[in-house]
Amino acid sequence: MKRVHWSGLIVLIVGVLLATPLFAAADTYRAGPVSISLEFQWIRQGHVGIVRVSGVEIVEVRAVFQDRLYRFYPDPLGYVGLVSADMDKDIGIYVMQVWITYADGSAERIDQEVEVNYGEFGRSEVTVSASLLPLMEDDVELSEADKLGNITSRFTPERYWTDQGFIMPTDTEIIGWFGAWRLYNETYWRRHSGTDFKMGSGTPVIAAASGRVMLVELLSIRGNYVLIDHGWSVFSGYAHMSQTFVVPGQFVRQGDVIGMSGNTGRSSGAHLHLEISVGGVWVNPEDFIALGVDKKE
Ligand SMILES: [Zn+2]
């Protein structure tokens, strides 16, 4: 019995060695019938990388990257995963564990190295009225982050957005960049989770893509807020609105007016704060929209 046990172990070790990629920057790695392809050389902090997995008899693909679980979604070319590099995590080489389940119930793990590069974030100073300073407290930040994180970490297997992809909800001037370190009232440092657009109060705010409304609420920091699930672990959030016109559970189409811009919550003047989460991580909205995942020209 011992011989069988040890030979089984050797097969397992050889199997793991065969399944370990040899090239850090390889675009494509093949282990038997499985192909993992990275549609990027590296991912910048706060950005998204597209990963494709193809092979025969695959029924499920998942990956763990930067301690987060990513589900992959079937598409005509195999499976596609949208993997986010957290803006708060260091640059460097990370091992993405790709877990593949086959129709016969067997499973395999392939480790794929992924390089994370500098996000190049700016700094800015913000002054809010003294009455809003209690909203700078850590517990306020954490409870709001938890509330949104519980929703944005969900997986919806359908892709709700159309072949048109995502559109910018406005073409007005950008007045606040994603990921910027912001010094509030010369005291509190915070990261900016989205992009701010110049928009006077009472301007219609439209949905960047089709999806299901998950949350409509007056939040402490984000003010009147709408969060939309676009499927495939992609969510968009619209903050500081003066009015909202949608309800949770409602399906909206790209371009539908979901509310009016405003200055509610922890805000220093009327504007639209747009944020996009992929796999539970806030990512650069402009770059995600430009990425055009599954967009057909
Ligand atoms: Zn903002």
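The values are calculated or read from the model by the stated rules, or taken from the named source; none is laboratory data. It should be emphasised that the depicted structure is a prediction, and the values quoted were computed from it without experimental measurement. Note: ideal-geometry Cβ built from the backbone for every residue, glycine included; neighbour counts use all protein chains shown. Surface accessibility is based on the protein's heavy atoms, side chains included, excluding ligands, DNA and RNA. Shrake-Rupley method; radii C 1.70, N 1.55, O 1.52, S 1.80 Å.
Normalising by the residue count of the chain, find the relative contact order in percent from Cα pairs under 8 Å and 6+ residues apart.
The value is 17 percent.
So what does Asp287 come to for accessible area, using a 1.4 Å probe and Å² rounded to 10?
Roll a 1.4 Å probe over it and Asp287 shows about 70 Å².
Could you rank the peptides 278-285, 255-262 by their average count of other C-beta atoms within 10 Å per residue, with the highest value first?
Those peptides, ordered most packed to least, come out 278-285, 255-262.
Run through all the Cα pairs of the chain and give the fraction in each 10 Å bin from 0, expressed as whole percent.
6, 26, 31, 20, 10, 5, 1, 0
Could you work out the Kirkwood radius for the stretch 108-188, taking every pair of different alpha carbons, averaging 1/r and inverting it, reported in Å?
Hydrodynamic radius (Kirkwood, Cα only) of the stretch 108-188 equals 17.4 Å.
Take each of the peptides 50-60, 189-199, 149-159, average the number of other beta-carbon atoms within 10 Å over its residues, and list them starting from the highest.
189-199, 50-60, 149-159
Using only Cα atoms and rounding to the nearest 10 degrees, what angle (0 to 90) does helix 2-18 make with the longest principal axis of the chain?
Helix 2-18 and the main axis of the chain meet at about 50 degrees.
Can you give me the angle between helix 138-152 and the longest principal axis of the chain, using Cα atoms only, in degrees from 0 to 90, rounded to the nearest 10?
That works out to roughly 60 degrees.
For Lys198 and Asp294 in one chain, what is 0.36 nm times their gap in residues minus the Cα-Cα distance, to one decimal in nm?
31.7 nm
Report the label-to-label distance for Trp189 and Gln243 in nanometres (one decimal), using points 7 Å from each Cα along the Cα→Cβ vector.
Label at Trp189, label at Gln243, 4.2 nm between them.
Rounded to the nearest 0.05, what FRET efficiency do Arg182 and Arg154 have when you use their Cβ-Cβ distance and R0 = 45 Å?
So, using R0 = 45 Å, E works out to roughly 0.95.
For the stretch 123-291, what size does the Cα cloud have along each of its three principal axes, sorted from largest down, in whole Å?
44, 30, 29
Can you give the accessible area per residue of the chain, in Å², using a 1.4 Å probe?
49 Å²
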